[in-house]
1. Using a Gaussian network model of the chain whose springs link C-alpha atoms within less than 10 Å, name the residue from 205, 166, 114 with the highest mean-square fluctuation.
2. Take the Cα coordinates of region 163-278, assign each an equal point scatterer, and use the Debye formula without solvent to give log10 I(q)/I(0) at q = 0.14, 0.20 Å⁻¹.
3. Based on the Kirkwood radius over alpha-carbon pairs, what value in µm²/s does the Stokes-Einstein equation return for the translational diffusion coefficient of the chain at 10 °C and 1.306 mPa s?
4. If I ignore ligands, DNA and RNA and count only protein heavy atoms, how much of residue 143 is accessible to a 1.4 Å probe, in Å² to the nearest 10?
5. Comparing 264, 75, 115, which has the greatest mean-square fluctuation in the GNM of the chain with Cα pairs linked when under 10 Å apart?
6. Keeping all protein chains in the complex and leaving out DNA, RNA and ligands, what accessible area do you get for residue 231 with a 1.4 Å probe, in Å² to the nearest 10?
7. Which Cα, out of 147, 43, 103, lies furthest along the positive dipole direction of the chain (beta carbon charges, K/R +1, D/E -1)?
8. Once the piece of chain linking residue 74 and residue 260 is laid out straight, how much longer is it, given 0.36 nm per residue of separation minus the C-alpha distance between them?
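The values are calculated or read from the model by the stated rules, or taken from the named source; none is laboratory data. Note that the coordinates shown come from a computational prediction; the quantities given were computed from them, not determined experimentally. Neighbour counts are summed over all protein chains in view; Cβ atoms, including those assigned to glycine, are modelled from backbone coordinates with ideal geometry. In case anyone asks, the SASA skips ligands and DNA or RNA and just uses the protein heavy atoms, side chains included. Shrake-Rupley method; radii C 1.70, N 1.55, O 1.52, S 1.80 Å.
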Amino acid sequence: MPEMPEIQAHAERLTEAFAGTRLERFTPLAFTALKTAVPAPDVAHGHPLEAVDRRGKHLLLRFAPATYVVHLMQGGRLRVDEKQAARPRGGQARWRFADGRALLLTEAGTERRAGVWVVDGDPLTRPPLCDLGPEADSVDRTTLAELLAGHPMRLHGWLRDQRIIAGIGRRLANEICHRARLSPFASTARLDDDAVGRLHEAIGACLADSLADERRRTDMSSSSERAGAVHNRVGEPCPACGDTIRAVEYRTYTISYCPTCQTGGKVMADNTTSRFLR
Ligand SMILES: [Zn+2]
């Protein structure tokens, strides 16, 4: 899933390409795509796009009368629609502009979870954005310590909980835990001051590194293109210490970690890990 760096760089590219262009027509293409009934989805027709912003993992297409809040979820993409076909493959919604160009929201697969919310007023105070925690890269060390103590959970899940801090997903949670030399299974309520400091540094550095990578691109990266020390590197040597990267697999995601760097050498129980040990 695209996380803060991918979404942020994409928002910047879309602003560069489309800001100031008048919206001719917004068209939901799949009946599950439009998540709101009020205001009417055509409320911004005739108005110029002010900017494409980001909040958490959402894109915000801002027009004066309303903002289209877009969540790409796992397989969604918002791209220039070169063909403007009547029934584009995976098509969810289209914004056609007065200069003849268009943006198309597509979603790969069959989950149909990507969507568009049309929101008037301040979108940050309305669903789906009002319940998000502060931006992950804006949290200072003191606030981070308070948020950790206030939400006792395993660290990997805590990092991915958008209501606590926003913008981090599975890949960055893996990378941040590794950079901070913390177990993804550590209890957030039990981290000492030194651990909180390392975590604060790791959140900032991992987000900044990924954002710099994404800003060098002309389109959003695919997950296999995103560099990492542990993510998608199970069975390979840790770049910091050479130990073998291990995994604990869940139904929809994988926690990857280095035992030497993160868990005091302990390999976590996982019935799928054995295939990497042979
Ligand atoms: Zn290591």
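1. 205
2. Evaluating at q = 0.14, 0.20 Å⁻¹ gives log10 I(q)/I(0) of -0.60, -1.17.
3. Estimated diffusion coefficient is 79 µm²/s.
4. 50
5. Per the Cα network of the chain with a 10 Å cutoff, 264 tops the list.
6. Probe radius 1.4 Å; accessible area of residue 231 about 40 Å².
7. The residue sitting farthest along the positive end of the dipole is 103.
8. 63.8 nm
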